[in-house]
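Heads up, the thing below is written out as structure tokens.
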Amino acid sequence: MAGRDTAGSDMTGGNMAGATARVETGSRSAGRVVGSWRAAWLRVEAHWTWYRRYWQSSLYSSGLQPVLFLAAMGLGFGSQVEAGPATGGLAYLHYVAPALLVAGAVQNAIGESSYPVLSGFKWQQDYYAVTATPVTAGQLLGGQIIWIALRVGIACVVYAIIALLFGAWLNAGALLVIPVGVLAAVACGVPIMAVAATTYNEGERFAAIFRFLVMPMILFSGTFFPIEQIPGAVRWLAWISPVWHGTELARGVTLGGLGIGPALGHLAFLGALFGVSAVLARRYFYRRLVV
């Protein structure tokens, strides 16, 4: 009896230990925190689920608006501009096409980084729902940045294909314009995310940003004419514009004439702007969602 009781106790204890092990294993599996990249991509998947259903609503701003600018400025107004020193001896269509890709990408990125991000904090408040899961505020920000890069990349591809039909590209360097546009767009979009994370009102500051920052950057950063035509006293404003750095890179890969040193300088400026802004945006996301 004692042997049977002992054996039964051992069996019972073994079964309980096994059940406990299974419960613990299951608990660890159920509570396992996903990796940073996987967590960020979960946010991208959520955006993609919405986008593939309603992409028609953003078709104009994503791809057609820059194309219409290209048709108006490159073919319409551009037909009255003679090739000369200002355009590097090229047709105005070839001169303005890469710059308009960068300008359109920056506008799209800033638009996606302003009110939609503020909505995640203030109106829809889905950011709070996301960070209530194992996804952290930093991973949420990473997913938002990846999504904007993909969204802008799609728009750049659409623009590049239509511009090709217009005869806007001179060589295969046009393929490099797309990553240049995405880099400039993300470098401009992440600072706006940081601003959105510190905005608690209805976002009136975004109207001022669009009016007094974004539009002057587009108009006076070498998009339509060389910055050498800007008075020297204010030309430095173009030098600190990320749109100008992106435009110079875009023209460099398509039209040539850009040395390795200046190209690295433009890349360094955009990379530094992105890096510093990402650190600030991460801090502000955590401050608003966690602390």
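Where a number appears in this text, it was derived from the coordinates with a stated rule and is not lab data. Bear in mind that the values here come from a model prediction, so they are computed numbers and not experimental data. Reconstructed Cβ throughout: ideal geometry from the backbone, glycine too, with neighbour counts over all protein chains shown.
Taking a ≥ b ≥ c as the square roots of the eigenvalues of the Cα gyration tensor, region 145-291 is prolate, since a/c reaches 1.5 or more and a/b is larger than b/c. Under the criterion of Cα pairs below 8 Å and six or more residues apart, the relative contact order for the chain equals 24 percent. Packing around the peptides 97-105, 39-47, taken as the average count of other Cβ atoms within 10 Å per residue, puts them in this order, highest first: 97-105, 39-47.
Taking Cα atoms, how many degrees apart are the long axis of helix 242-255 and the longest axis of the chain, rounded to 10 and kept between 0 and 90? Computed tilt is about 70 degrees. What angle do you read, to the nearest 10 degrees and between 0 and 90, between the alpha-carbon axis of helix 260-289 and the longest principal axis of the chain? For helix 260-289, the angle is close to 40 degrees. When both region 226-246 and region 178-204 are represented by their alpha-carbon centers, they are found 21 Å apart. Each other residue within a Cβ distance under 11 Å of residue 241 adds +1 if Lys or Arg and -1 if Asp or Glu, for a net charge of 0. Listed values [x] 20.9; [y] 21.5; [z] 20.2 include one computed from this model; for Kirkwood radius over Cα pairs in Å that value carries the label [y]. How far, in degrees from 0 to 90, does helix 137-165 lean away from the longest principal axis of the Cα atoms of the chain, to the nearest 10? Between helix and principal axis, roughly 40 degrees.
In a DSSP loop and with at most 16 other Cβ atoms within 10 Å, the GluC sites (Glu not before Pro) in region 184-281 are 202.
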